[in-house]
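Undergrad: I have a structure I would like to understand better, so I am pasting it below and will then ask my questions one at a time.
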Amino acid sequence: MKTKKTIHYILSILTILAVVVLIVLNTPNPEFRFHVYIEYGRFIFNGFLWTLLISLIIFILSFILGFGMFFADRSHVPYVRYLTEHFTMIMFGSPMLVIVIVFYFFIGTAMNVNSKLVLGIASLTLYFAPFMMKLYISAYESIDRNQVIVCDLFGFSKWQMYRYVILPQMFRIMLPPLSGNLATIIKSTSLLYLIGFPEMYYSLTTVQSKTFAYTEGYIMMMVLYLIITVPLIKLTGYLEKRIKI
């Protein structure tokens with residue numbers, strides 16, 4: 001059975017490769033000039049590293065901020081709940097591109113902050129924080145409410161209940177979608193090219209403008225993003241099976 005699955009898995013990959021080859025062969029002037037990118041290798045690699053670094057920072061910060069928003073959404077103070085609700089609606093209802101532009105050209109100017117790194121990270125962190133909050137809420141709602149009653153019976157404080165019972169289960173449930181969120185964040189960092197931040201998309205488009213090898217650049221771009229995101233997608237599938245969600 002396992003051998004049969006392996007054969008089908010390999011055949012599916014070969015099918016995709018065959019389609020790619022057919023497209024290339026039927027493309028006018030298929031003489032690719034990938035060699036012109038060699039001299040810009042360090043520049044492209046630096047963009048690759050910047051993409052990884054800022055993606056990780058955005059992921060961690062949005063995870064923490066989403067955690068705070070989760071408790072704000074459950075606050076007994078109506079003002080705090082409404083503030084969280086309105087902020088979430090603004091982020092959900094606005095294109096990510098607009099958020100990045102507004103942060104860099106308006107909020108950054110108003111706050112006298114000129115750092116592309118700081119403003120880029122801040123804009124995407126605030127954009128993804130509500131999505132993280134929704135993961136917390138979904139994980140919390142999937143936990144059996146009887147556990148809360150049991151905690152009350154044993155005299156657990158609210159802090160103890162969350163620390164030892166609720167949060168460990170929530171984080172376990174959240175693991176698969178979190179890895180998916182990280183993959184989304186990595187792809188979204190490409191929007192930071194709009195503010196001139198030297199991440200991978202910016203690096204490759206800069207080289208394209210110098211070499212005029214546009215097709216080759218986009219192919220490289222797709223491959224490099226896949227190198228990062230495919231392992232995360234596979235990790236998501238593995239965690240879903242392992243945790244059995």
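The values are calculated or read from the model by the stated rules, or taken from the named source; none is laboratory data. Remember, predicted model here, so these are calculated numbers, not experimental data. Here Cβ is always computed from backbone atoms with ideal geometry, including for glycine, and neighbour counts include all displayed protein chains. Calculation scope for accessible area: heavy atoms of the full protein, side chains included, ligands and nucleic acids excluded. Shrake-Rupley method; radii C 1.70, N 1.55, O 1.52, S 1.80 Å.
Undergrad: Say we join alpha carbon atoms closer than 10 Å with springs in a Gaussian network model of the chain; which of Pro130, Pro176, Pro231 then has the biggest fluctuation?
TA: Result for the chain, Cα springs under 10 Å: Pro231 fluctuates most.
Undergrad: Give me the one-decimal Kirkwood hydrodynamic radius in Å for the range 44-154, with the sum taken over alpha-carbon pairs.
TA: 15.9 Å
Undergrad: Continuing with the same structure: For helix 200-211, report the angle its Cα long axis makes with the longest principal axis of the Cα atoms of the chain; keep it between 0 and 90° and round to the nearest 10°.
TA: The angle comes out at about 20 degrees.
Undergrad: Let me ask you something else. Figure the gain on full extension for Ile57 and Leu226 (residue separation times 0.36 nm, minus the Cα-Cα span) and round it to one decimal in nm.
TA: The Ile57-Leu226 span can extend by a further 58.9 nm.
Undergrad: Sort 217-227, 106-116 for me by packing, meaning the mean count of neighbouring Cβ atoms within 10 Å per residue, highest on top.
TA: Values: 217-227: 15.0, 106-116: 12.2.
The packing order, highest mean first, is 217-227, 106-116.
Undergrad: Amide H of Phe156 versus every other amide H placed in the peptide plane: which residues, excluding those fewer than 5 positions away on the same chain, fall under 5 Å?
TA: none
Undergrad: How far is helix 116-141 tilted off the main Cα axis of the chain, in degrees rounded to 10, range 0 to 90?
TA: 50 degrees
Undergrad: Using only Cα atoms, find the angle between the long axis of helix 41-73 and the longest principal axis of the chain, and express it within 0 to 90 degrees, rounded to the nearest 10.
TA: 20 degrees
Undergrad: Please name which of Met174, Phe212, Phe92 has its Cα lying farthest along the dipole of the chain towards the positive end, using unit charges on Cβ (Lys, Arg +1; Asp, Glu -1) and the Cα centre as origin.
TA: Highest projection toward the positive end goes to Met174.
Undergrad: Counting only C-alpha contacts under 8 Å and six or more residues apart, can you give the relative contact order of the chain as a whole percent?
TA: 29 percent
Undergrad: Right, another one. Would you mind telling me the share, in percent, of accessible area of the chain contributed by carbon and sulfur at probe 1.4 angstrom? Please report the intermediate quantities before stating the final value.
TA: Numbers: 10560 of 15130 Å².
On the chain, the fraction of accessible area on carbon and sulfur atoms equals 70 percent.
Undergrad: Could you pull the accessible area for Glu141 with a 1.4 Å probe, rounded to 10 Å²?
TA: 130 Å²
Undergrad: Kindly count the pairs of lysines across the chain whose alpha carbons are less than 30 Å apart, treating pairs on different chains or eight or more residues apart as eligible.
TA: Close lysine pairs found across the chain: 23.
Undergrad: Rounded to the nearest 500, what is the chain's calculated 222 nm mean residue ellipticity when only DSSP H runs of at least 4 contribute -39500 (n - 2.57) each, over all residues? Intermediate values should be presented prior to the final figure.
TA: Working: 10 runs with 182 residues, N = 245.
Helices in the chain give a 222 nm mean residue ellipticity of -25000 deg cm²/dmol.
Undergrad: Still on this structure, I have one more. Mind telling me which of Gln160, Gln208, Gln169 comes out most flexible in a GNM of the chain, alpha-carbon contacts under 10 Å?
TA: Taking springs between Cα atoms under 10 Å, the residue moving most is Gln160.
Undergrad: State in Å² the accessible area per residue of the range 1-151; use a 1.4 Å probe, count heavy atoms of protein chains only, and round to the nearest integer.
TA: Each residue of the range 1-151 exposes 66 Å² on average to a 1.4 Å probe.
Undergrad: From the backbone phi of the range 177-190, what are the Karplus-calculated ³J(HN,Hα) couplings (6.51 cos²θ - 1.76 cosθ + 1.60, θ = phi - 60°) in whole Hz, Gly and Pro given as x?
TA: x, 5, 5, x, 4, 5, 4, 5, 4, 4, 5, 6, 5, 4
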